[in-house]
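Visitor: Please find one structure pasted underneath; my questions will follow.
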Amino acid sequence: MKKFFVGMTAMALLVSAFGVNSFAEGSKTVKVDKVQTVGALDEQKGSMIEIRESEKDSWGDSVTFELKLPTNVKWNAKTIVNGHNKPQIDGNSLKITMKTNPKYQEVAYVVPYFDVDKHAEKGDISVIISRGVSGDKDESVVIAKISDYGVNISSSYERAPKNSKSIPVEITVTEAVQDSILPGSPYGLSFDNATVDEKSVKIEQLNGRDKLEVSAVKENYAEFKLTENSSNINKFVIKLNIMPKKDFVGDITATFDGRGIENMSSVVAKVYDAINVDERKPDSITLGLGNQKLADLSFVETSAGALSEGEYILKLDPEYKGSVFSSVKLEAEGNIKVGSADVKNGTILFKVSGASTEPSKLTFRDLKFTIDRFGYEGDYTLSLANAKTPDDIIAKVTLFNVNAVAPETVKTPVSNGIEFVIGSAEYKVNKDGNTEQKTLDVAPYIAKGNRTMLPLRAVAETLDMEVKWDAKTSTATLNSKDNTQTVVLTIGNKTMLVNGKEVALDSAPEIKDARTFLPVAQIANALNVKTAWDASTKTVTLSK
């Protein structure tokens, strides 16, 4: 992660000058950072000034600028001009002379330090910038504001991948004027899009003798209070770790506030997608077909080492046990070191044995997928995650869309069986070429997860089994008439017992309209009962 410091100011009085002031006149563009709050003291620091050439070679072979402060403010020798501490100073006047190159658009940077007379009036400190050339207008820009009290804030800046467990942050708090932070009053530091690690908050004192202590930490907020011990100007560094919200990508902003301090915000971290997915159109596959070919899938690192050493998993959502990746081949571009990809039902596993030192790319080719006719319809999302923390998603993509089995692929129902139509209480019993029309108390329906739910009575009749209901335990027991098969199901429980063995269900038995409904297809499969589905008529047929 890359770190640098971003400055900002918390002012007790006016804050209307916050932001960036920019002026373009003649051959120069003048730009000023956020306005600083200062006191009537020596060695006060103002906002950095940038003087940029409007276009190449408009300054000639060399250029001289004069920067003038008000009469009650004098330039300090600590002032930095283009990275050097030897400015040409004469009281409130500072001169910049620099040679130029016509091939480049030149720029001058001034980090101003100045001494403020103790009798100076409160308000803006402006600098008049002049070149003394015809057509180049003098500019007046505000670089600081004199106040009775104020606090200067600077913050570290981090870049971190999405779903990072911890991002270190440092907030430097400096009194611009003595006694600006009031003892006993609460001061807060809050973060949007992130939470604070309570145990990580620490305070380091860089100047002064007053003690700043942590009084409370809760979710995204840390509170502090000052204990007064002396009258020196205080400077503290607040160090803590933050954790971005799940799947959040973007800027994390810190806000400092409290009595006498206007709310001040600064971006302290940028969360980015460590892995991008090459654009691809989701495949369209069909229920009940095997080895369906999928388009290649590529994951691209946005920075070197985005995928650290370890085991990774590609998993489907929704999960369905009646599906499997039947083929996959992993290829790498760049210097990341990976092994071959393995398939395990609806997941793909692979291992990174060596992290990249340059952004690399992983491509999964020859992807083939098999799904039975009872799978979920709709979009299936494939998520990339570390195998040790599978719930922390690194990247995800809509892999394919599943459609119902086309009518022409449905086998013709056998002559002996029972036909149910979703949403209709009427059903048919076909036996030896004869059809009997019957009526249920409540119509079959499709439950969440695309599971066909039938009333308990209909299931018992379909499977030619006797049923017992235990109201105390909400348990239904189905026994074959020859006592060779037993199925036990409980309302709300996704595990059934088939001849004493546990079998997982995708949909639990449930009660609707005062009737018990069971996921008939999975029960039928467990008992080797044949099933058929006609998507065009929404008819399910079961036969032994």
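Please treat every number below as a calculation from the coordinates, not as lab data. Predicted model, so just to flag it, every value in this text is computed and none were measured. Please note: Cβ atoms are built from the backbone with ideal geometry, for glycine as well, and neighbour counts cover all protein chains shown.
Visitor: Can you pull out the GluC sites (Glu not before Pro) in the range 218-257 whose DSSP state is coil and whose Cβ has at most 16 other Cβ atoms within 10 Å?
Guide: On the way: sites: 219, 223, 228; in loops: 219, 228.
Those that pass, being in a loop and sparsely packed, are 219, 228.
Visitor: How about the range 358-395: which trypsin sites (Lys or Arg not before Pro) there are in a DSSP loop, with at most 11 other Cβ atoms within 10 Å of their Cβ?
Guide: Sparse-neighbourhood loop trypsin sites (Lys or Arg not before Pro): 388.
Visitor: Around residue 286, which amide H atoms from residues at least 5 apart in sequence, or from another chain, sit under 5 Å from its own amide H, with H modelled in the peptide plane?
Guide: Those qualifying (amide H under 5 Å, at least 5 residues apart or on another chain) are 403.
Visitor: Given R₀ = 45 Å, FRET efficiency for residue 438-residue 321 by Cβ-Cβ distance, to 0.05?
Guide: E between residue 438 and residue 321, to the nearest 0.05, is 0.90.
Visitor: Also, I was wondering about something else. So what are the ³J(HN,Hα) numbers for the range 279-293, from phi and the Karplus equation (6.51, -1.76, 1.60; θ = phi - 60°), rounded to whole Hz, Gly and Pro as x?
Guide: Result, rounded to whole Hz: 4, 8, 7, x, 6, 10, 10, 10, 4, x, 10, x, 6, 7, 6.
Visitor: With θ taken as phi - 60° and the coefficients 6.51, -1.76 and 1.60, list the Karplus ³J(HN,Hα) couplings across the range 72-88 in order, rounded to whole Hz; mark glycine and proline as x.
Guide: 8, 10, 10, 5, 9, 4, 6, 4, 10, 10, 6, x, 10, 9, 10, x, 8
Visitor: Another question, if that's okay. Could you please rank 284, 323, 265, placing first whichever residue has the fewest other Cβ atoms within 10 Å of its Cβ? Let's see the in-between values first.
Guide: Working: 284 10, 323 21, 265 17.
Ordered from fewest to most neighbouring Cβ atoms within 10 Å, 284, 323, 265 come out as 284, 265, 323.
Visitor: Estimate the FRET efficiency between residue 366 and residue 214 by the formula 1/(1 + (r/R0)^6), using the beta-carbon distance for r and 56 Å for R0, to the nearest 0.05.
Guide: So, using R0 = 56 Å, E works out to roughly 0.50.
Visitor: Continuing with the same structure: Can you put 93, 155 in order, fewest other beta carbons within 10 Å first?
Guide: Arranged by neighbour count, lowest to highest, 93, 155 become 93, 155.
Visitor: Would you pull out the residues with amide H under 5 Å of residue 440's amide H, same chain only if 5 or more places away, H placed 1.01 Å from N?
Guide: 426, 427
Visitor: Run the reach check for residue 86 against lysines, Cα to Cα strictly under 19 Å, same-chain hits fewer than 8 apart removed. What comes back?
Guide: Excluding near neighbours in sequence, the set is 45, 68, 74, 78, 95, 99.
Visitor: Give me the number: length gained by fully extending residue 195 to residue 103, i.e. 0.36 nm times residue separation minus the C-alpha to C-alpha distance, one decimal in nm.
Guide: Extending this stretch completely gives an extra 28.3 nm.
Visitor: Rank the residues 481, 122 as a footprinting-exposure proxy: fewest other Cβ atoms within 10 Å of their Cβ go first. Numbers along the way, then the final one.
Guide: Values: 481 9, 122 12.
Lowest count first: 481, 122.
Visitor: Under the Karplus relation 6.51 cos²θ - 1.76 cosθ + 1.60, θ = phi - 60°, what is the ordered set of whole-Hz ³J(HN,Hα) values for the range 360-367, x standing for Gly and Pro?
Guide: Per-residue couplings from phi come out as 10, 9, 10, 10, 9, 10, 6, 6 Hz.
Visitor: When the helix-only estimate is applied to the chain (DSSP H runs of n ≥ 4, each -39,500 (n - 2.57), divided by the residue count), what is the mean residue ellipticity at 222 nm, nearest 500 deg cm²/dmol? Working shown, then result.
Guide: Working: 2 runs with 15 residues, N = 544.
Calculated from helices alone, the mean residue ellipticity at 222 nm is -500 deg cm²/dmol.
Visitor: Which whole-percent values make up P(r) of the range 150-272 when all C-alpha to C-alpha distances are grouped in 10 Å steps starting at zero?
Guide: Once binned at 10 Å, the Cα pair distances of the range 150-272 give 14, 47, 29, 9, 1.
Visitor: Which log10 I(q)/I(0) values, to two decimals, does the chain give at q = 0.08, 0.09, 0.12 Å⁻¹ under the Debye formula with one point per Cα?
Guide: Listed by q, the Debye log ratios stand at -0.77, -0.85, -1.11.
Visitor: Translational diffusion coefficient, Stokes-Einstein: compute it for the range 409-543 using the Kirkwood radius over C-alpha pairs as Rh, at 20 °C and 1.002 mPa s, and state it as an integer in µm² s⁻¹.
Guide: In µm²/s, the coefficient rounds to 142.
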